[in-house]
There are 2 protein chains.
Amino acid sequence: MCRSTAKAGEAEKQGRKSASTSHQTSSSRELIDTSPPRGTRDFDPQDMRLRSWLFGHWEVVSRQCGFEQVDFPVVENEELFVRKAGEEITSQLYNFEDKGQRRLALRPELTPSLARLVLKKAKSLPLPAKWWTIGQCWRYERMTRGRRREHYQWNCDIIGLEGVAAEAELLAAITLFFQRVGITPADVGIKVNSRKSLQAVLTQAGVPEDSFAAVCVVVDKIEKLPREKVLEELAGVGVADTAAEKIMAAMGTRSLDDLAQLLGSDNEAVSDLRRLFQLAEAYGMADWLAFDASVVRGLSYYTGIVFEGFDKQGVLRAICGGGRYDGLLGALGGENQPMCGFGFGDAVIMELLQDRGLLPDLGHEVDDLVLALDEDLRPQASGIAQQLRKKGRRVDLVLEGGRRMKWAFKHAERINAQQLVLVGQEEWAEGKVRVKNLGTREQEDMSVEALIHSLTLSKLTATAS
Amino acid sequence: MCRSTAKAGEAEKQGRKSASTSHQTSSSRELIDTSPPRGTRDFDPQDMRLRSWLFGHWEVVSRQCGFEQVDFPVVENEELFVRKAGEEITSQLYNFEDKGQRRLALRPELTPSLARLVLKKAKSLPLPAKWWTIGQCWRYERMTRGRRREHYQWNCDIIGLEGVAAEAELLAAITLFFQRVGITPADVGIKVNSRKSLQAVLTQAGVPEDSFAAVCVVVDKIEKLPREKVLEELAGVGVADTAAEKIMAAMGTRSLDDLAQLLGSDNEAVSDLRRLFQLAEAYGMADWLAFDASVVRGLSYYTGIVFEGFDKQGVLRAICGGGRYDGLLGALGGENQPMCGFGFGDAVIMELLQDRGLLPDLGHEVDDLVLALDEDLRPQASGIAQQLRKKGRRVDLVLEGGRRMKWAFKHAERINAQQLVLVGQEEWAEGKVRVKNLGTREQEDMSVEALIHSLTLSKLTATAS
């Protein structure tokens, strides 16, 4: 019927091992590329256990902080992400046209989707709302810096709240997470600033307010680009040399007191930051935070407090970042709401945890391994396995024939089973199975009823201890 | 700097509520489309709770049956999905070209990715392996039948096992899930067949073996297409009229005995099915299963046992489906392995659960609600909330100012909090907070230390009961 299956047919006629059960079968066809697309990952069981461990901590912390989970499609209309402020994120959009000539994009971040859902729910959403999500995000970038084209991101956002109590709550979630996984303020710090300080400088220097987002995107590159290049880009978004010098001065302030001196202590940036640090003390997380005037974050939509988690050894890229973005709904054509949130990627934190030896050693987990020592007893073994499962046990049933007891012990160890249930002719003739506790190495022959009953008992014991 | 932000700037000058905190701000820009792309879904907190409930059951069952979790990218190289057997799945591929001119596709199903990962791991994968995953799958189809363009799918697959013990284990997982969520064999059945019976008929009729996959894809449409159209399509894949009649006859057999009569009792389809039903008895799941010669499933790669879960009221589409696909690795250019698995979508099962009144009523869940009755006490309230969280409690802290006690009671009820912690001037002056148990309606003033201590105690009590 077609070239590839015809070839498969030919190969089949030449004879293969399991010809009787295969129809599309092995062929002279060239092996496909077994790697996932460039810049993307597979998660085999071992990788997946680590990912689930990380996501599990993110989930617990989100729930401990009273956030509700939401989710959005990984593909969105392209227009949702197209902003004009020269962000990296827009130039790296993973966009395409579908069969209906719609412009779509794999989301580069989660915040625009969240904003869209807030707009969709409009008045029906009780405010304030606290939402969390974990989602995969995509960026089409050159594969030079060891960066991938996809990563997972944990987001927490607070909708409908003015004032830094909201930002403090976001930082509380981040620091709770760090503590849960064993990271200390010696490993990681969080730099905190407010974009309102930049805004004050720009206003003093007579830079038009509508250049603000674009200026922030340029300022974010100060540490990466040569000074002339930054000045050139600032000129490109309408900032004259004298104003640029003032921006540099503000970015160079070393303390909140210096900033207050530069901008006046009634400046909003100063009072917001003072209040935030006061709350941080109360939360018991002040050790993690430090004012840093150079942090503005690279996204155009931030309007107030911005923050960034960083590796104190200075080796890794930013660990997480966030801030207040009170103007995003308006930029999407809706009515503004005060909003703030953070994004926390899976890549850098896993590197950090690996470096610090904080990743757990996780194996497959099973409670019982059930083995029929005789193929005739497979039905009995299957029934026992299913009964154990109905009691809530995680049960691996040996499905291949011909496995002996010695193999079963090794396999049980490999999958971390607690108990081995052997169904053999001799015991079964007496209505019993052999049960071996793999912790104590004790073994006992018992009826299936007694086995099930013993589980109920051991569960009670475990709960009480 | 650009049209949209310039407009935003203008709007800002006209004056808005929170002008001092916004910079991109509301604008005369038209509201974006707040719906997700056509055929896709958002999950607000309520939708998400139901989805997590469903996924949670899938996860528990997968672990109870000893499967290990894996995952793959939602975007794959297009070639992974391109098969030549006329499947619906290939014609509905959500494919596109990336900026590097690579042909990519949003995955329409999970099995090809799983097969790719098996090929990638090659000899390093200990067999047999049992893998499970939940992933979003995409199909670009006309939006006529109320079908969406994305859905989530639960997959369990067993790699490296010949013989129907593997298929029995898959069916055990599916029926365990049904039982967990309250579905009975009165609601749902699973039709079971083997493609080997069709193969025997085709061999008898002299149809070339390499037409097999394409024939199955056509035969799967028998109930949807008029007879002449089916005969025409069969002729198109090289099946003559007389052979077509035999296929129809085999598809019409009513029992395994009839099938044995038609094909001979030493036929592999017959012996596989008899063995599978024998194991199903032992698993205690025979009530769910029935032989049905008309089931072949629409995917080209199945080679042996195939099965399909269906709504016994005949209203809904297939609930789940799967089978043996021993030839898929070969079709991808690799060495074949015996493999079988199933896919179980989120859409139809949620409709069924809704229809049968089996969906739970899930609300936001919080343990403690903490409220500062005076804005000056916000730092103290924040500290208490964070301490409770460190003890493992889920704590919502009231972040907005000016909330009174009456509101707090209502809000606590809305978020299903167990306990309300009020931080008021009078109690705090004595070093205490007011703690109201929302179940018993009892209240008590206590120190923060006593509050934390009481939680540790109540945890012990709960565990022992």
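Where a number appears in this text, it was derived from the coordinates with a stated rule and is not lab data. Not measured: the values here are computed from a predicted model. Don't worry about glycine lacking a Cβ; one is built from the backbone with ideal geometry, like all the others, and counts go over all protein chains shown.
Listing for the model above:
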| quantity | calculated |
| --- | --- |
| With 10 Å bins from 0: P(r) over chain A, alpha-carbon pairs, percent | 4, 16, 21, 19, 15, 12, 9, 4, 1, 0 |
| FRET E, pair B:GLN443, A:ILE452, Förster distance 41 Å, beta-carbon r, rounded to 0.05 | 0.35 |
| Net charge dipole size for the protein assembly as shown [Lys, Arg +1 and Asp, Glu -1 on Cβ; Debye, nearest 20] | 680 |
| The range A:263-345: C-alpha gyration tensor shape, a/c 1.5 cut-off, then a/b vs b/c | oblate |
| Placed amide H near A:MET339: partners under 5 Å, 5+ positions off or other chain | A:GLY160, A:TYR325, A:ASP326 |
| Shortest-first nm distances, A:GLU449 label point to equivalent points in other copies (7 Å, Cα→Cβ) | 5.5 |
| Computed FRET value (nearest 0.05) for B:ARG103 with A:ASN416, which takes r as the C-beta separation and R₀ as 30 Å | 0.10 |
| Order by protection proxy (mean Cβ within 10 Å, highest first), peptides A:246-256, A:213-223 | A:213-223, A:246-256 |
| Of the DSSP H helices in chain B, those whose Cα atoms cover at least 20 Å axially and whose Kyte score averages -1.0 or more | B:45-64, B:165-180, B:268-283, B:448-464 |
| Summed residue charge, Cβ within 10 Å of A:GLY135's Cβ, Lys/Arg positive, Asp/Glu negative | -1 |
| Pseudo-label separations to other copies for A:ALA205 - Cα-to-Cβ vector, 7 Å, nm | 8.0 |
| Burial order of peptide ranges A:180-190, A:66-76 (average beta-carbon count within 10 Å, highest first) | A:66-76, A:180-190 |
| Per-residue mean of C-beta atoms belonging to partner chains within 10 Å, peptide A:57-70 | 6 |
| Pairwise Cα inverse-distance average, inverted: Kirkwood Rh of the range B:60-188 (Å) | 16.6 |
| Cα centroid separation, the range A:154-179 to the range A:42-105 (Å) | 19 |
| For the axis carrying chain B to chain A: nearest C-beta residue of B, whole Å | B:PHE96, 2 |
| Nearest-first distances (nm) between copies at A:ILE415, label 7 Å from Cα via Cβ | 4.2 |
| Translational diffusion of the range A:368-464, µm² s⁻¹ [Kirkwood Rh, Cα pairs; Stokes-Einstein; 10 °C; 1.306 mPa s] | 119 |
| The protein assembly as shown, Cα convex hull volume normalised per residue, Å³ | 180 |
| Leading residue at positive end of dipole, chain B (Cβ point charges), from B:GLY309, B:LEU198, B:LEU451 | B:LEU451 |
| Within the range B:264-286: backbone nitrogen closer than 20 Å to the B:ALA205 label point (7 Å, Cα to C-beta) | B:264-265, B:267-270 |
| Added length on full extension, which subtracts the Cα-Cα distance from 0.36 nm per residue, A:LYS221 to A:SER91 | 45.3 nm |
| Averaged over B:332-338, number of beta-carbon atoms from partner chains that fall within 10 Å | 6 |
| For the range A:368-464, with +1 on Lys and Arg beta carbons and -1 on Asp and Glu, the positive-most of A:GLY439, A:GLN387, A:ALA429 along the dipole | A:GLY439 |
| Extension gain, B:ARG317 back to B:GLU281 (0.36 nm per residue minus Cα-Cα distance, nm) | 10.3 nm |
| Whichever lysines have a C-alpha closer than 26 Å to that of B:LYS224, once near sequence neighbours (fewer than 8 apart) are set aside | A:LYS99, B:LYS84, B:LYS191, B:LYS196, B:LYS246, B:LYS312 |
| Label zone at B:LEU127 (point 7 Å along Cα-to-Cβ), backbone N below 16 Å, the range B:307-348 | B:324-341 |
